[in-house]
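*Asks:* Here you go, one structure.
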Amino acid sequence: QGELLGREEDAPQVVVDSPELAEDGITSPVKVLVRFIPKNGAKIVLDSVRVFYVTFFSNIDITDRIRDKITAAGIRDDKAELPSGSHHLIIRVSDDRGLEGKKEFAVNVR
């Protein structure tokens, strides 16, 4: 069983259902729907969820700004206000076995 703990495919999955990442950009407000999918009976550790806004100089932890939108099932905000421009985000989540899933994506807001 110890071999399973380090396998990447056993880590929780982060799925971005919305916004759809259209090449020509999206408009604000944006519906945000992200799902956390644990594997093999594991459970998501809610306190492990971190959302980072990536800048040229560093990654800014914005988790506390959206904490009320985060559950063990994922992140949901029906009317997220995003300024125009390109936004690069990283979402990290761990399960109760210590495995971490990560999703990096960019959104272009017109």
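*Asks:* Could you work out how far apart the two model spin labels at ASN108 and THR55 are, taking each label as a point 7 Å from the Cα in the direction of the beta carbon, and quote it in nm?
*Replies:* Once both label points are built, they end up 2.3 nm from each other.
*Asks:* Okay, moving on. Return the carbon/sulfur percentage of the accessible area of the chain, one whole number, probe 1.4 Å, all protein chains in place. Provide the component values of the computation, followed by the final result.
*Replies:* Working: 3500 of 6990 Å².
Carbon-and-sulfur percentage of accessible area, whole number: 50.
*Asks:* Something else: Kindly count the pairs of lysines across the chain whose alpha carbons are less than 17 Å apart, treating pairs on different chains or eight or more residues apart as eligible. All intermediate terms of the calculation are to be shown ahead of the outcome.
*Replies:* Details: LYS31/LYS69; LYS31/LYS79; LYS39/LYS102; LYS39/LYS103; LYS43/LYS102; LYS69/LYS79.
So the count of such lysine pairs works out to 6.
*Asks:* Can you pull out the chymotrypsin sites (Phe, Trp or Tyr not before Pro) in segment 13-97 that DSSP calls coil and that have at most 13 other Cβ atoms within 10 Å?
*Replies:* Loop-located and lightly packed - PHE56, PHE57.
*Asks:* Accessible area per residue of segment 37-82 at 1.4 Å probe, in Å²?
*Replies:* Details: 3190 Å² over 46 residues.
In whole numbers, segment 37-82 has 69 Å² accessible per residue.
*Asks:* Taking 7 Å along the Cα-to-C-beta vector as the label spot, tell me the SER84-ALA72 distance in nanometres, rounded to one decimal.
*Replies:* Output for this residue pair reads 4.3 nm.
*Asks:* Same structure, new question: Just ARG92, ARG35, ARG65 to compare: in a GNM of the chain, with alpha carbon springs under 10 Å, which one fluctuates most?
*Replies:* Looking only at ARG92, ARG35, ARG65, the biggest GNM fluctuation is shown by ARG65.
The values are calculated or read from the model by the stated rules, or taken from the named source; none is laboratory data. Since this is a predicted model, take the numbers as computed values, not measurements. Cβ atoms come from the backbone with ideal geometry, glycine included; neighbour counts cover every protein chain shown. Accessible surface is based on the protein model in full, side chains and every heavy atom, while ligands, DNA and RNA are left aside. Shrake-Rupley method; radii C 1.70, N 1.55, O 1.52, S 1.80 Å.
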